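Take a look at the structure below.
The values are calculated or read from the model by the stated rules, or taken from the named source; none is laboratory data. Here the structure is a predicted model, which is why all the values come from computation and not from measurement. Glycine also receives a Cβ, built like all others from the backbone with ideal geometry; neighbour counts cover every protein chain displayed. Calculation scope for accessible area: heavy atoms of the full protein, side chains included, ligands and nucleic acids excluded. Shrake-Rupley method; radii C 1.70, N 1.55, O 1.52, S 1.80 Å.
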Amino acid sequence: MEWVDGLKLIGILFNSFGYNFGIYEGNPVTFNTIKQLFYGLYLTNSFGYRLSKVNDPMDIKRLRLAYSEAQLDALHISVKVENPEKLPQEGQYLLVANHRSIIDPPLIEIALKDTKIFGPWISKKELYNSFFFGLFVRNAGSILLDREKSQMSGFFAEIKEAVKRGESIFIFPEGTRNKTDKALTTFKEGSRIIALKNRLPILPVYIKTNADKALKNALNDSKLAQDVTVVIGDVIDYKEKTSLEITYRKMFDLEEESNPS
């Protein structure tokens, strides 16, 4: 009975981590998985606390990068950047990326490590309240997106303030993690609105490797070393009238949907 209760507790912790490892379906929970779980908890909270003590944007960028490197080093995951010559070294952008895994933000942070591009992530309310990520997300530079609110004026006002400070905006235009077999799911309209309202050129980034599978592999095998490829696309003018999703798909040679928004 104690063992069953222990598994249930681990399951609750995993779910708060934002990930379902299927322990209720009889899949084994390895020692490495549990170790990574608690190390991840330590990292997010210790860096969340350190971030609460700094205000300078470049200090926040440095700590976010340090966290990302520590987390991915623990998983033995390295980031390879494709088309690095297309990556601007400075400036303000709306960075858009596909989203499959909870490790996507660290992957992008590392891809940008040698640039001065920095800004808040658009984060869902669930992350703000997360047992694992809450302290980190609230202090690491993020803007809360609460889709349950009828008025979004506060959300767009926070974005405008960040842009006034000289920062970029980072967003996953799919809105949530892609858990399908497709390379990309439908983009939400909000990304295009953010770019237009703030006159931000769009920096498209594509995480080519399935980072979700890479994470599972890392949790199952503590000695496995893996590379995840992040592809940099051509900057898109914010006045571009073609659907952002269509442009993104063409740029990275992804399959077309019948009716992309």
Can you tell which of Ser123, Leu215, Ile232 lies farthest toward the positive end of the dipole of the chain, using +1 and -1 charges on the Cβ of basic and acidic side chains (Lys, Arg; Asp, Glu)? Ser123
Excluding ligands, DNA and RNA, the carbon-plus-sulfur percentage of the accessible area of the chain with a 1.4 Å probe reads 52
Of all beta bridges DSSP finds with both residues in the chain, what is the antiparallel percent, to the nearest 5? 20
Normalised by the residues of the stretch 113-218, what does the relative contact order come to in percent, with Cα pairs under 8 Å and at least six apart? 23
Descending Cα extents along the principal axes, the stretch 36-168, whole Å: 43, 37, 30
Reference-scaled alpha-carbon Rg (2.2 N^0.38 Å with N residues) for the stretch 126-261: 1.18
Net charge dipole size for the stretch 55-209 [Lys, Arg +1 and Asp, Glu -1 on Cβ; Debye, nearest 20]: 400
Just Gln36, Gln71, Gln89 to compare: in a GNM of the chain, with alpha carbon springs under 10 Å, which one fluctuates most? Gln89
Just grab the label-to-label distance for Asp227 and Lys182, each label 7 Å out from Cα along the Cβ direction, in nm (one decimal). 3.0
